[in-house]
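See structure below.
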Ligand code: ACO
C-alpha cells in the first residue's frame, strides 16, 4: 500500500484560481474545493479515487441508419432493429485523432476552469493511429500554455476499443501510488471508427471523451473490484497501416466479446465474494450495467448473458423462485451457447425489464453516434448521467464492461458518492455534460451518398503528404479543432472552428 507521494511542484495548487467556468454553471467551484482538501492529505492513501469531471465530443454530422439501409440495399430494419442503431456520426477529412482529442480536452479544461498546471498525468487511449511513433499525448502537450508545467507522465495505450480503459486504470493506479504528486490525472480516449463498405460499415462512429481523475470524486471507482480477461484472437485487427479499415471477423468478434464478458463476470463475482463481508454478486447488485457498445442489439444480448450467468450459478430454490419456466435450460453451458437461439431468446425476454431500467438509458449516445471504439463505454456513462437527476444517481452502483478486440477486457464498478461534499461535485460533473442532448439535436443530417463520398475521400487521402483537406470547416461545432494541412514531412497543422 502506498504510504504517500512526493511533494507536489511548488505552487501547483496555489496556481488554481478559477473553479468551474461559465460552461458548467455550477454554484460551487468543486474542483478548487477538492484540490485544497487534497493538498492537506498528502501522505495518506487518497480516498474515493475516481472521475471528477467528464466531457464528450462527437461529430456535427450524421447519417440516418434507416436511410442507410435503403442506400445499401439491405432489408428494411436490419440496421435499426437488427443492430439497434438510429444514427451514425462521422468525420470528414478535416478531423483526425489529434483534432478530436484536442477538442475534447480544450472543452473539458475550459468548462471546469481547470488549469493545465494542475495535471500531472495525461493518458490517451486510441486505436486511430496516424503515427507509429509520435503519441497523441505529445500532440496534446501543445494545449498546455507556454510556461506551464511539462512534468506530465503518461503516453498512449492501444488495444482496439480497450485503450481508454487501460488509460483510466493507469491514471487511477498513479493517483493511488507512491508516484502521485498530488495533481490531477487527465484521461482521454478517442477514435474514428470506419469500416470498408459492407456489413460492418453501419457499426462505425466517432468521438472522444476526456475525464479528470483524482481523489474525492463523485464517481468512485471501487477498489479491488476489477477483473480482466486477456486472450489472443484475430477477431478485429488493423494489420494494414496504410488503411483506416480493420480486418473483421464479425461472428468471431461477437463470440470473443461474449466469452470475455463471461470470464470477467465470473472473476468479478469471485473477487467480490472474497472481500471481507463480501456477498454474492448478481445483476441485482447493480443499479446500472454499462457495456462497450458496438451496436445496441449486442448490448441487450450482453445484459441477457449476465442474467444467464446468474441463472447457471443459482441454486435450485432460486431457480424455482426467479427463473420458473427456464429449468430445461439448466443443462446449457456458457461455452456452447454464444449463438444458441433458445438461450438468447429466453434470457432476452427474462431480462427485458432489467435492460430497460439498467442499460437502455446508457445507450443514448451509442445509438445516435455509433461505435466510438475507445470512448464507447464512457459515452454510455455520460448517457446514463444525462438521463438522471442527481438524487437518482447518488449512492447508486454502476457496472462497466470494457472490451477491445484482439483481445483485452475488464469489468469494474463505480459507486456514485453520497457524502463529504461530493453532492456538489456530482452536480458540477453533471453540469459539464448537460448540453449533450442539445448538441446531439443540433447536428446536421446528411444523405447516405454524402457519407459514402466522405468515406471514399478519407480512404483516398489517408496518409497522403503533403495534403490539403477538402472538407468544409463551417459545418463543425464552434470550438472544434480541425486539420488545416499536412506538409511534405507529414507534420500536421490545426486550427479551431469559430
Ligand atoms: N429486420 C430486423 N432485423 C434484421 C433484419 C431486418 N430486416 N435483417 C437482419 N436482421 C437482424 C439479424 O437477424 C441479426 O440479428 P440477430 O443476430 O439477433 O439474429 C442482425 O440483424 C444483424 O444481421 P446479420 O445478418 O447478423 O448482420 P451481418 O452479419 O451482416 O453484420 C456484424 C453484423 C457482424 C455485427 C457486422 O456489422 C460487423 O462485423 N460489425 C463490426 C464488428 C463488431 O462490431 N463486433 C462487435 C464487438 S468488436 C467491436 O467492438 C469492434
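The values are calculated or read from the model by the stated rules, or taken from the named source; none is laboratory data. Since this is a predicted model, take the numbers as computed values, not measurements. So basically every Cβ, Gly included, is an ideal-geometry build from the backbone, and we count neighbours across all protein chains shown.
Values computed for the structure shown
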quantity	calculated
Qualifying residue in the range 431-450 (condition: closer than 24 Å to residue 130 by Cα, surrounded by 15 or more Cβ atoms within 10 Å (Cβ to Cβ) and in contact with a strand residue (DSSP E or B) (Cβ under 7 Å, 6 or more places away or on another chain))	no
Subset of the range 52-106 (residues that are out of contact with any strand residue (DSSP E or B) (no Cβ under 8 Å at 6 or more places or on another chain), in a loop (DSSP other than H, G, I, E, B) and either on the phi < 0 side of the Ramachandran plot or away from the ligand (no atom under 15 Å from the Cβ) (or both))	74, 75, 76, 83, 85
Some residue of the range 405-422 being assigned to a helix (DSSP H, G or I) and either farther than 30 Å from residue 46 by Cα or touching a residue at least 24 places away in the same chain (Cβ under 8 Å) (or both)	yes
Spans of strands (runs of 3 or more DSSP E) in the range 135-232 with at least 1 residues within 16 Å of the ligand (Cβ to nearest atom) and over 19 Å from residue 95 (Cα atoms)	227-230
When residues of the range 233-246 are limited to those that are within 15 Å of the ligand (Cβ to nearest atom) and under 21 Å from residue 90 (Cβ atoms), the one surrounded by the most Cβ atoms within 10 Å (Cβ to Cβ)	236
Residue check for residue 299: in contact (Cβ under 8 Å) with a residue 60 or more places away in the chain, part of a strand (DSSP E or B) and touching a strand residue (DSSP E or B) at 6+ places or on another chain (Cβ under 7 Å)	no
Sole residue being assigned to a helix (DSSP H, G or I), under 27 Å from residue 86 (Cβ atoms) and more than 10 Å from the ligand (Cβ to nearest atom), chosen from 261, 312, 252	261
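Listed here are the residues, each with its yes/no results for (1) within 28 Å of residue 202 (Cα to Cα); (2) in a loop (DSSP other than H, G, I, E, B); (3) out of contact with any helix residue (DSSP H, G or I) (no Cβ under 8 Å at 6 or more places or on another chain); (4) modelled with pLDDT under 95.
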| residue | (1), (2), (3), (4) |
| --- | --- |
| 424 | no, no, no, yes |
| 427 | no, no, no, yes |
| 434 | yes, yes, no, no |
| 437 | yes, no, no, no |
| 457 | yes, no, yes, no |
| 465 | no, yes, yes, no |
| 474 | yes, no, yes, no |
| 482 | yes, no, no, no |
| 494 | no, no, no, no |
